Amino acid sequence: MTSPGSSELRGNPYFWYRLMGRDEEGYDVYELFIGPQHPASGHMRIIVRLDGDIIVDAEPDIGYVHRTMEKLAEGREYLKNIPLFERATIIDAANITWGYVRAVEQLLGLEAPPRAEYLRTLLAEINRIASHLYGFGIAGIMLNHSTMFMWAFGDREVWVQLAEDLTGARLTHSYIIPGGVRRNLPQDFKEKALKAIRYMEKRLQDYERIFVKNPVIIARYVDVGVIKAEEAKRLGIVGPNLRAAGVRYDARIAEEYGAYPELDFEIPTREEGDAMARLLVRIEEIKQSMSMIKQILDKIPDGPIFHEKYYRMLPPKLKEFVEQTGRLKLPGAFIRLKPEPGEAVARVEMGHGEVFYHIVSDGGIKPYRVRIVTPAFRNVVLYRYLTRGARFMDLPAIYGSIDYFPPEGDR
Amino acid sequence: MAEDVYKPGNLLVSLKRHAAAIATGLRYLLSTKRMTVRYPEFVIDLGEGYRGMIRWHRDRCISCSLCAQICPAAAMKMYKLPGEKKMYPGINYQRCIFCGFCVDVCPVFALEHTPVHDISYEELDEMIYVPTKFDTEWVSPAAKEGARPVKVVFDEEVGLRHEPQ
Ligand code: SF4
Ligand code: SF4
């Protein structure tokens, strides 16, 4: 939407209507600008037009945290793009870089060993839980339920700590690299993870009592911001927002990557398509992820964590170090990975939904072009379609339930 | 879970749910389940494997410059020291993102992560470590002031506990 008074509007016959505070049809509308100074989940603006208390139209205005990631990627070697893309969705770093690494692996003709695929899946699921808890907390504070915010962010810390034990970094793991992963599973990891899971299971029951089944939340969430399957498909919605509308689509099943084909899990869906359904789907996904983590830790195969082609290049002393500490060393040749000319696409299911990568290689050491379609970018359209006709007080409820993450949408 | 949130409730159901929510809140108010660490009286011992401040050992370095080449943030740079033929790496902590690629690529273990992460600077220039400054041990300022180290322990009841060592 163009702002009132911009030059294009001068020739617009409705300009004078707008000046009088009326819209095209002559209704009284009030224009409200929310943001861009961090309305809740990051920098973005929502331009809301209100008729009394009813939202006539809401326009998401994004781009305030655009960092030209696709362009920056063209100037960096393949490996160096991993820490870059991580910063699109810092709360879900493993999943967003996994898509990129899968595409690079296709170009290089590499496949990670089975143990590495399991470790990737492990971190991806830990990240998914952390990402859902983050969204959960933000959704809570948007309804002024600060307890939920504190709890979800506090419990996220448990999963962040697990990820730190595995990778050495809290959020920016840079763990998944072409050909494998950077660290082996620590000795006591299973025990810690099982404790975290049991803790979380108990906490989810408390979440239910204090938040999900709280009559205040039910009143704010049930039948609010409804989207049905057909409409969601037409708009190209992804992730839990799509599954809450009753469409059983998940890249983990569609693409069969990582260890997912060998794991037993369900894709939670709901029919209602309202804010409550989106919340319930996310909670169910947290449970599924915890079950997957248990299965991974039971079944994880032994073997190398890095592709033989590069591991072979390491001198014996470094190999010995890797065996002993479980921390990978990189060969110098890894700095300038040089794939064949060609194109590759890959998609991965993140906490927010499906991320899609398209890489074009001209045979050089840097990608010719990288296209990223992030789930947040595909879901941002929901602001417009879910809010029309809703009451203004429903806007924060809808906003929170979409789990929109501006840095991811803007890249 | 929570199937019945969609069923039309009545006053009694609502009252029960309100009571359950308040009781849950009260339970947490009375029992002290806290994960917070009272830094700087206590400081978490992050242990080996944490990707913290980087220690460079000049005596081990072979000046191969791989660390500077792999750095995705251009934080690591090779410097020429006066009176020396060889180039040595220096790091700029304004830029470093602690990805640890430099540590992973160093063929002679001249670069190592330390668990120290709580360094603060008064001036930007202090964050640039030329080779002569880079070759020193890291000390956590909190630990130097006598903070007690605590260890992170996973706990089924509290989530994370911090046990003094
Ligand atoms: S940790 Fe990463 S960003 Fe920092 S100096 Fe090493 S390679 Fe560069
Ligand atoms: S990679 Fe290691 S040996 Fe080579 S220049 Fe850097 S610190 Fe020195």
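GluC sites (Glu not before Pro), restricted to the stretch B:71-133: which are DSSP loop and have at most 10 other Cβ atoms within 10 Å? Within the stretch B:71-133, the qualifying GluC sites (Glu not before Pro) (loop, at most 10 other Cβ atoms within 10 Å) are B:Glu122, B:Glu123.
Counting only helical runs of four or more DSSP H residues, what would the 222 nm mean residue ellipticity of chain B come to if each run contributes -39,500 (n - 2.57) and the total is spread over all its residues?
-6000 deg cm²/dmol
Annotation for the stretch B:71-141 versus the stretch A:153-229: alpha-carbon center distance of 34 Å. Angle, helix B:11-30 long axis vs. longest principal axis of chain B, Cα atoms, 0 to 90°, nearest 10? Between the helix axis and the principal axis of chain B, the angle is about 40 degrees. Mean per-residue shielding of peptide A:102-114 is 0, counting Cβ atoms of other chains within 10 Å of each Cβ. Restriction of the trypsin sites (Lys or Arg not before Pro) in the stretch B:58-110 to DSSP coil positions whose beta-carbon has at most 10 other beta-carbons within 10 angstrom yields B:Lys85. The overall shape of chain B, judged from the alpha-carbon gyration tensor, is prolate: a/c is not under 1.5, and a/b is greater than b/c.
On a per residue basis, the protein assembly as shown carries 43 Å² of accessible surface, using protein heavy atoms and a 1.4 Å probe.
Over every Cα atom in the stretch B:1-93, the radius of gyration and the widest Cα-Cα span, Dmax, amount to 28.8, 86 Å.
Counting, for every residue in A:216-225, the Cβ atoms of other protein chains within 10 Å of its Cβ and taking the mean gives 2. Just going by the charge dipole of the protein assembly as shown, with Lys and Arg at +1 and Asp and Glu at -1 on Cβ, which of A:Pro331, B:His162, A:His145 is farthest out on the positive end? Result: A:Pro331. Measuring nothing but how far apart in sequence close Cα pairs (under 8 Å, 6+ apart) lie, relative to its length, chain B scores a relative contact order of 28 percent. When the square roots of the Cα gyration tensor eigenvalues are ordered a ≥ b ≥ c, the ratio a/c for the stretch A:257-404 is 1.5 or more and a/b does not exceed b/c, which makes its shape oblate. Highest mean first, the peptides A:227-240, B:9-22, A:252-265, A:118-131 sorted by other C-beta atoms within 10 Å per residue fall in the order A:118-131, A:227-240, A:252-265, B:9-22.
Multiplying the residue separation of A:Tyr385 and A:Gln205 by 0.36 nm and subtracting their alpha-carbon distance yields 61.6 nm. Between A:Asp28 and A:Arg371, the simple label model (points 7 Å from Cα in the Cβ direction) yields a spacing of 4.8 nm. Sites listed here are chymotrypsin sites (Phe, Trp or Tyr not before Pro) in the stretch A:371-411 whose DSSP assignment is loop and whose Cβ has at most 10 other Cβ atoms within 10 Å, and the list is empty. The Cα center of the stretch A:39-62 and the Cα center of the stretch B:23-50 differ in position by 38 Å. Label-to-label distance for A:Phe321 and A:Leu72 is 2.9 nm, based on points extended 7 Å past Cα in the beta-carbon direction. Relative contact order of chain A: 25 percent, from C-alpha pairs under 8 Å at least 6 residues apart in sequence. Other protein chain C-beta atoms within 10 Å of residue C-beta, averaged over A:206-213: 6.
Placing +1 on the Cβ of every Lys and Arg and -1 on the Cβ of every Asp and Glu, with no other charges, gives the protein assembly as shown a dipole of roughly 980 debye about its Cα centre. With the simple spin-label model, which puts each label point 7 Å out from Cα in the Cβ direction, the B:Phe109 to B:Arg27 separation comes to 5.0 nm. For the protein assembly as shown, place one equal point scatterer on every Cα, skip the solvent, and apply the Debye formula. What is log10 of I(q)/I(0) at q = 0.08, 0.10 Å⁻¹? Taken in order of the listed q values, log10 I(q)/I(0) reads -0.60, -0.92.
Remark: the stretch B:43-144 carries a charge dipole of roughly 460 debye about the Cα centre, counting +1 on each Lys and Arg Cβ and -1 on each Asp and Glu Cβ.
Compute the Cα gyration tensor for the stretch A:86-135, then decide on rounded, prolate or oblate, letting a ≥ b ≥ c be the square roots of its eigenvalues: rounded whenever a/c is under 1.5, prolate when a/b is larger than b/c in the other cases, and oblate in all that remain.
Taking the square roots of the gyration eigenvalues as a ≥ b ≥ c, the stretch A:86-135 is oblate.
Helical content alone sets the calculated 222 nm signal of chain A at -14000 deg cm²/dmol, taking -39,500 (n - 2.57) per DSSP H segment of four or more residues and averaging over every residue. Amide H contacts of B:Leu81: B:Tyr88, each under 5 Å away and 5 or more positions distant or on a separate chain (H built 1.01 Å from N in the peptide plane; Pro and chain starts excluded).
The values are calculated or read from the model by the stated rules, or taken from the named source; none is laboratory data. A quick note: this is a predicted structure, and the numbers were derived from the prediction, not measured. A quick note on method: Cβ atoms are made from the backbone with ideal geometry, for glycine too, and the neighbour counts reach across all protein chains shown. To get the accessible areas, we keep the full protein, side chains included, count just its heavy atoms, and leave off ligands, DNA and RNA. Shrake-Rupley method; radii C 1.70, N 1.55, O 1.52, S 1.80 Å.
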